[in-house]
Amino acid sequence: MKTSTDFKSIFMLFSIVVFIVLGGCKSKEKVTKIEDQGETLIEVYCSGPDFQSNNEYFRANQVGESLDQATAKKKAQSNARADLAQAIETQMKIVIDNYVNSREMNNTEEVAERFESLSREVVDQRLTGIKTICEKTTKTRDNKYKTYIAIELAGDELMSALNARLSNDAKLKIDYDYEQFKKTFEEEMDKLEKQRGY
């Protein structure tokens with residue numbers, strides 16, 4: 001009986017070892033499959049949740065690459081400015097449309113066009129006052145420079161500049177209500193914050 005019990009114990013121990021070994025082989029296969037796809041996790045500097053627009057700031061990030069370090073930086077700045085201007089313009093179009101529609105103004109289309117035209121002027125002026133919030137430069141294996149950059153423009157600064165421009169416009173003076181416009185602007189900025197999902 002002892003030999004039969006010993007045999008059962010050895011068989012059970014052998015089964016456990018085989019199970020562990022086979023289990024280990026399966027996990028190695030999974031790793032191999034991922035490596036076979038040729039994917040490598042990379043870190044993109046100056047990007048991520050801290051560098052995205054929220055309810056206080058419009059933000060943009062970009063990268064520029066060149067054999068010349070200064071050119072790489074200029075490309076990154078230029079690309080980031082273009083992205084920031086586009087994001088602001090898109091957001092302001094929504095704000096203006098919602099504001100004009102809520103006010104039931106005469107010649108709604110003409111008023112909206114005037115608002116958009118003035119807001120573009122303000123955005124173009126305010127882009128000179130943007131703030132760089134992140135900048136990193138790397139050198140690649142093929143001796144190129146890469147500059148990663150993130151910039152921002154405060155929403156309240158933009159709102160103040162817009163208010164100054166809109167309230168001094170002769171055509172809009174009669175219909176322009178700063179408090180209502182500011183409220184619409186803030187509501188849209190809050191929606192922007194919620195869309196981030198972080």
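Coordinate-derived values only; no laboratory data. Keep in mind the model is a prediction, meaning the values are calculated, not measured. Note that we place each Cβ from the backbone using ideal geometry, even for glycine, and neighbour counts take in every protein chain shown.
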(message) Rounded, prolate or oblate, given the Cα gyration tensor of segment 49-196, with a/c below 1.5 counting as rounded?
(response) prolate
(request) Can you tell me how much longer the chain between Gln69 and Asp156 gets when fully stretched, taken as 0.36 nm per residue apart minus their C-alpha distance, in nm with one decimal? (result) 27.9 nm
(message) Could you sort the peptides 51-58, 66-73 by per-residue average Cβ neighbour count (10 Å cutoff), highest mean leading?
(response) 51-58, 66-73
(request) Mind checking the full-extension length gain between Lys191 and Val44? Use 0.36 nm per residue of separation minus the Cα-Cα distance, one decimal, nm. (result) 50.3 nm
(request) State which entries of Lys73/Lys171; Lys131/Lys183; Lys93/Lys144; Lys131/Lys191; Lys131/Lys182; Lys93/Lys146 exceed 31 angstrom in Cα-Cα distance in the structure shown. (result) Lys73/Lys171; Lys93/Lys144; Lys93/Lys146
(request) For Gln86 and Thr108, calculate 0.36 nm times their separation in residues minus their Cα-Cα distance, and state this gained length in nm to one decimal. (result) 5.6 nm
(request) Would you work out if segment 128-168 is rounded, prolate or oblate? Take a ≥ b ≥ c from the square roots of the eigenvalues of the alpha-carbon gyration tensor; rounded if a/c is under 1.5, else prolate when a/b is larger than b/c, oblate otherwise. (result) prolate
(message) Give the aspartates and glutamates whose C-alpha is closer than 15 Å to that of Lys194, dropping any in the same chain fewer than 8 places away, or say none.
(response) Asp50, Glu56, Glu186
(request) Evaluate E = 1/(1 + (r/R0)^6) for Asn101 and Thr137, where r is the Cβ-Cβ distance and R0 equals 41 Å; express this FRET efficiency to the nearest 0.05. (result) 0.35
(request) Note down the relative contact order for segment 68-133 as a percent, whole number, built from C-alpha pairs under 8 angstrom at least six residues apart. (result) 37 percent
